[in-house]
Amino acid sequence: MVERTQKEVWKITPWIMLLLLLSNFVLMAFDAREANSEQRVIRVWAQTTADFVQSPATSLSSGISNYFQSISSLRTAQSENDILKQRIQELEIEVQNSKSLTVENERLKSLLGLKEQSAYKTLSAQIIGRDSSAWFDTSIINRGSLDGVKLNMPIVTNGGLVGRVTAVSPLTAQVALITKDKSGLGAVVGELGTSNALGVVSSNGRKELLEMGYVPGSVEVKVGEGVYTTGQDGIYPAGLKIGEVVEVRAGSATVAQQIFIQPSAKLSSMQEVVVLLYEPPPRPEFDKSLPNAAKKK
Amino acid sequence: MEHVKITVALIIAVLLQWTLRNVAEPFAYIDFPLIIVVYAALQGSSIRALFYGTFAGIAVDALSGGLLGANGFSKTLIAFVVSELVRRVYVDNLLLRIPVLAGACLLDDLVYYGMHRLLGQEPTGPFVTTIAYTLIGTTIAGTIIFLLFNVIFTENVKRAKREVFTPRRQTRRRNPIRLSDRR
């Protein structure tokens, strides 16, 4: 091994620094891309390598925290048990009711001659990590391209829409939450087809709330109404629940309303999510021949 | 031997950065790899600190929504700046190291944010809040980690010194007054 004097080290250090800075800059420039374009191979490699260490580490840390949580939750177990027993009885009655409703629904459908439309295929996933930088708020799930996950696939929980897949490696995928995603999604307040309150939902910087824009001031929107996807953004399918209106700042005939939405999904505490294996229908041919699309090429 | 310990500490720091946010959100505001990179630079091993900065940064970026290499860039720069500071100014005291760490954290965040803006990828976190929280979190955690390292590493240094330089036998000095009395 070559021994260097302190002077030699001081001389060589700036050159090494420049070399490392340059290589990092090249990586950054290579990784910087449009939000909806294809992802870079280098990120897939980096994520796959990280997963081999992250998955065991996450399961270990969650195991330890679960152990302590289970100890603390023992205190409230008795009262919870009583509540749950009561809830089971209520649910049994509800199940009986819904069974009869399903039978009735089937009968009516057959009467109308409607065909059963299959919903999207789903894939359950677990959140194994959160963004390692304080500047971003993505989540990592334990499903990747080997499970059929692709870029921009929607992620939901039983509460509602969570976000979309922004990067996929063979074993994991990165999910951008709707509260942090800069790209907007098409939405409607109330029932799709009956409501005129169409607009675009995007994050507004306030961590827990979403903002809906472009809703004409002449359309009436009430606090507490549900907000659903329209499917017009080319990413999310129609009919997914985004959240509920919590605040409306009225506009006028020419100025759009400002609507604030509380997401239905519990984004800060969720541990399990569902990936909708949904691929949007291909864009029509005329879309590709737009002047902007030609310029990009 | 010390650099092996720092390398192990760096690997642990990256693992903590990857996992702790999933346990509790406030851990996002502690930059563990930066603390280790600054510590390595403060020890005077400048070249090693540069490589630590690059590799730890890229490892953190791999699981982040940000640009791959942004953290590597900022941490390499921090390692160089701190190494140059150590070359010129005596910062062998924990009290002096705290403002160095705080300054490094601030610069790291500014460079990270600036590189994203430069390449048209605006971070989603609020600028002032994220910088302030990261500064507080990293400085507090860094001070504790530096204290811990002082205990671990300094003990070994003391022991090694004791082994190399055996304590000198104390000889009794003659009292010059007594000598004069005898006469």
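The values are calculated or read from the model by the stated rules, or taken from the named source; none is laboratory data. Note that the structure is predicted; figures quoted are calculated from it, not measured. Cβ sites come from the backbone with ideal geometry, for glycine too, and all protein chains shown count toward neighbours. Calculation scope for accessible area: heavy atoms of the full protein, side chains included, ligands and nucleic acids excluded. Shrake-Rupley method; radii C 1.70, N 1.55, O 1.52, S 1.80 Å.
Scanning segment B:28-48 for residues that are more than 9 Å from chain A (Cβ to nearest Cβ), more than 16 Å from A:Val53 (Cβ to Cβ) and assigned to a helix (DSSP H, G or I) turns up B:Leu34, B:Ile35, B:Ile36, B:Val37, B:Val38, B:Tyr39, B:Ala40, B:Ala41, B:Leu42, B:Arg48. What about A:Ile88, is it modelled with pLDDT of 80 or more and farther than 30 Å from B:Leu63 by Cα? So A:Ile88 fits the description; yes. Among the residues here, B:Ala49 qualifies as modelled with pLDDT of 90 or more and over 30 Å from A:Asn66 (Cα atoms). Per the listing A:Ser269, A:Ser264, the residue uniquely polar (S, T, N, Q) and open to solvent by less than 60 Å² (accessible area, probe 1.4 Å) is A:Ser264. Of all residues in segment A:185-208, at least one satisfies being crowded, with 17+ Cβ neighbours inside 10 Å, under 16 Å from the mean Cα position of the chain (by Cα) and either farther than 19 Å from A:Arg249 by Cα or of a type in the set (Phe, Trp, Tyr) (or both). The set of residues from segment B:10-26 being in a helix (DSSP H, G or I), free of Cβ contacts under 8 Å to residues at least 60 places away in the same chain and either within 13 Å of the chain's Cα centre (by Cα) or farther than 12 Å from A:Ser133 by Cβ (or both) comprises B:Leu10, B:Ile11, B:Ile12, B:Ala13, B:Val14, B:Leu15, B:Leu16, B:Thr19, B:Leu20, B:Asn22, B:Val23, B:Glu25. A search for C-beta distances below 7 Å between a residue of segment B:120-137 that is among the aromatic types (Phe, Trp, Tyr) and any residue that is at pLDDT 90 or above, counting only pairs 6+ apart in sequence or on different chains, returns B:Phe127/B:Tyr113; B:Tyr133/B:Tyr29.
Got a sec? Which of B:Leu63, B:Leu118 is open to solvent by 30 Å² or more (accessible area, probe 1.4 Å) and within 27 Å of A:Met28 (Cβ to Cβ)? Talk me through it step by step, then tell me what you get.
Values: B:Leu63 fails: open to solvent by 30 Å² or more (accessible area, probe 1.4 Å).
Result: B:Leu118 is the single residue among B:Leu63, B:Leu118 that is open to solvent by 30 Å² or more (accessible area, probe 1.4 Å) and within 27 Å of A:Met28 (Cβ to Cβ).
Pairs linking a residue in segment A:118-141 that is farther than 20 Å from B:Ala24 by Cβ to a residue that is among the small types (Gly, Ala, Ser), with Cβ atoms under 9 Å and 6 or more positions apart or on different chains, are A:Lys121/A:Gly148; A:Leu123/A:Gly148; A:Ala125/A:Ala173. Mind listing whichever residues of segment B:4-14 are within 13 Å of chain A (Cβ to nearest Cβ) and open to solvent by 50 Å² or more (accessible area, probe 1.4 Å)? Once the filter is applied, which keeps residues that are within 13 Å of chain A (Cβ to nearest Cβ) and open to solvent by 50 Å² or more (accessible area, probe 1.4 Å), segment B:4-14 yields B:Ile11, B:Ile12. The residues on offer are B:Gly114, B:Gly72, and the sole one that is more than 11 Å from chain A (Cβ to nearest Cβ), in a helix (DSSP H, G or I) and of a type outside the set (A, V, I, L, M, F, W, C) is B:Gly114. Taken over segment A:200-248, residues that are among the aromatic types (Phe, Trp, Tyr) and under 17 Å from A:Gly159 (Cβ atoms) amount to 2.
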